[in-house]
Ligand SMILES: Nc1ncnc2c1ncn2[C@@H]1O[C@H](COP(=O)(O)OP(=O)(O)OP(=O)(O)O)[C@@H](O)[C@H]1O
Ligand SMILES: [Mg+2]
């Protein structure tokens, strides 16, 4: 069988806190082919960033992977040495961080930062290549920006520069964490179109982390919905929007649709998501679920595969 571009299985990640170790990702699986665009959605704190950064092994020093495998083609990234891994990170797999301004080096000019990506990976580099990359993400006055520092630019400009930095090496996979969150609406579409374009032209796969269902629908082929450190549902964009199976997914889509329709008041999901300190061996969505059953608290429901989609809910048991 041909290797998947990325195959993550049963990933569990913990952090060390004052009071000991606490698991924040309790079950993350992802399998994707070249050229696919997969969206990861879910409320704040559900584990999107921590799960995705496992591909880059960038988890905080206080964090550790408890179990699971993270394959890139035929290599389990967890087993590579840092030296081996450096050849892949920022070259074959790039990451656009959620907080662009703090992810760029404040002491280096933009042009130098982009050139360094190419130099570090022994790729051809020139001022023209860097200027083209900046133009590609809709930056104006590129000759000036080339010689500027991140603090001299807006949050939106820095975010686009991070995207340029992520794609300048023409990676196989770009992980984009909220890439359009600090870009104004008019430019958002430009940036999303840019990602779509590169995906179509070069076959670069994309993992898009977002809170925005409209963005996910516009760009993605497949969606993963996370909650409480677990994948709750996975399916094609069409399946998820046409027939969301998990009550959590249904609620999220209802909230997003209500906002788009301009309802007054806007439909909201009551209650808050549990923090890792509140996790129990039960469905994490139990307390907020309209369809809850006593058996939802017996254990964490298993994730079940149903025709081209996955769901973690007691209502969908293995047949
Ligand atoms: N460095 C860290 N040390 C300790 N806990 C952490 C660390 N990074 C993340 N966490 C915890 O892990 C959980 C998942 O965090 P993560 O950043 O993946 O959430 P997220 O889904 O990306 O949320 P958001 O939408 O706000 O970006 C959270 O409870 C968070 O507090
Ligand atoms: Mg995040």
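All but one of (1) within 15 Å of ligand 1 (Cβ to nearest atom); (2) touching a strand residue (DSSP E or B) at 6+ places or on another chain (Cβ under 6 Å); (3) assigned to a loop (DSSP other than H, G, I, E, B) hold for residue 34; state the number of the condition that does not hold.
With respect to (1) within 15 Å of ligand 1 (Cβ to nearest atom); (2) touching a strand residue (DSSP E or B) at 6+ places or on another chain (Cβ under 6 Å); (3) assigned to a loop (DSSP other than H, G, I, E, B), residue 34 is out only on (1).
In this structure, does residue 91 turn out to be modelled with pLDDT of 90 or more and over 17 Å from residue 160 (Cα atoms)?
So residue 91 fails the test.
Before we move on, is residue 283 in contact with a helix residue (DSSP H, G or I) (Cβ under 9 Å, 6 or more places away or on another chain) and part of a loop (DSSP other than H, G, I, E, B)?
Yes, satisfied.
Would you call residue 50 crowded, with 21+ Cβ neighbours inside 10 Å and either over 14 Å from residue 232 (Cβ atoms) or away from ligand 2 (no atom under 16 Å from the Cβ) (or both)?
Taking the combined requirement at face value, the residue satisfies it.
I'd like the full set of residues that are away from ligand 2 (no atom under 16 Å from the Cβ) and assigned to a loop (DSSP other than H, G, I, E, B), limited to region 37-47.
Within region 37-47, no residue meets the criteria.
Of all the residues that make up region 135-167, how many are within 17 Å of residue 189 (Cα to Cα), assigned to a helix (DSSP H, G or I) and in contact (Cβ under 8 Å) with a residue 40 or more places away in the chain?
Residues meeting the conditions: 8.
Can you tell me which of (1) farther than 25 Å from residue 202 by Cβ; (2) within 17 Å of the chain's Cα centre (by Cα) is the one residue 17 doesn't meet?
Condition (2) is where residue 17 drops out.
Looking only at region 180-201, filter to residues that are surrounded by fewer than 18 Cβ atoms within 10 Å (Cβ to Cβ) and modelled with pLDDT of 80 or more; which one of those is farthest from the chain's Cα centre (by Cα)?
Among those that are surrounded by fewer than 18 Cβ atoms within 10 Å (Cβ to Cβ) and modelled with pLDDT of 80 or more, it is 201.
Is it the case that residue 23 is within 16 Å of ligand 2 (Cβ to nearest atom), in contact with a strand residue (DSSP E or B) (Cβ under 9 Å, 6 or more places away or on another chain), in contact (Cβ under 8 Å) with a residue 40 or more places away in the chain and at negative phi?
no
I need the full set of residues from region 1-22 which are touching a helix residue (DSSP H, G or I) at 6+ places or on another chain (Cβ under 6 Å) and surrounded by fewer than 17 Cβ atoms within 10 Å (Cβ to Cβ), in order please.
22
All but one of (1) touching a strand residue (DSSP E or B) at 6+ places or on another chain (Cβ under 6 Å); (2) more than 16 Å from ligand 1 (Cβ to nearest atom) hold for residue 267; state the number of the condition that does not hold.
Going through the list (1) touching a strand residue (DSSP E or B) at 6+ places or on another chain (Cβ under 6 Å); (2) more than 16 Å from ligand 1 (Cβ to nearest atom), residue 267 breaks only (1).
Please specify each residue of region 270-282 satisfying the condition of being within 23 Å of residue 316 (Cβ to Cβ) and touching a residue at least 40 places away in the same chain (Cβ under 8 Å).
273, 274, 279
Return the only residue of 108, 170 being part of a loop (DSSP other than H, G, I, E, B) and at negative phi.
Answer to the selection: 108.
For residues that are out of contact with any helix residue (DSSP H, G or I) (no Cβ under 8 Å at 6 or more places or on another chain) and closer than 16 Å to residue 173 by Cα, scanning just region 57-78, find the one that is farthest from ligand 1 (Cβ to nearest atom).
Within region 57-78, the match that is farthest from ligand 1 (Cβ to nearest atom) is 74.
The values are calculated or read from the model by the stated rules, or taken from the named source; none is laboratory data. Please read all numbers here as calculations on a predicted model, not as lab measurements. Positions of Cβ are backbone-derived with ideal geometry, glycine not excepted, and every protein chain shown enters the neighbour counts.
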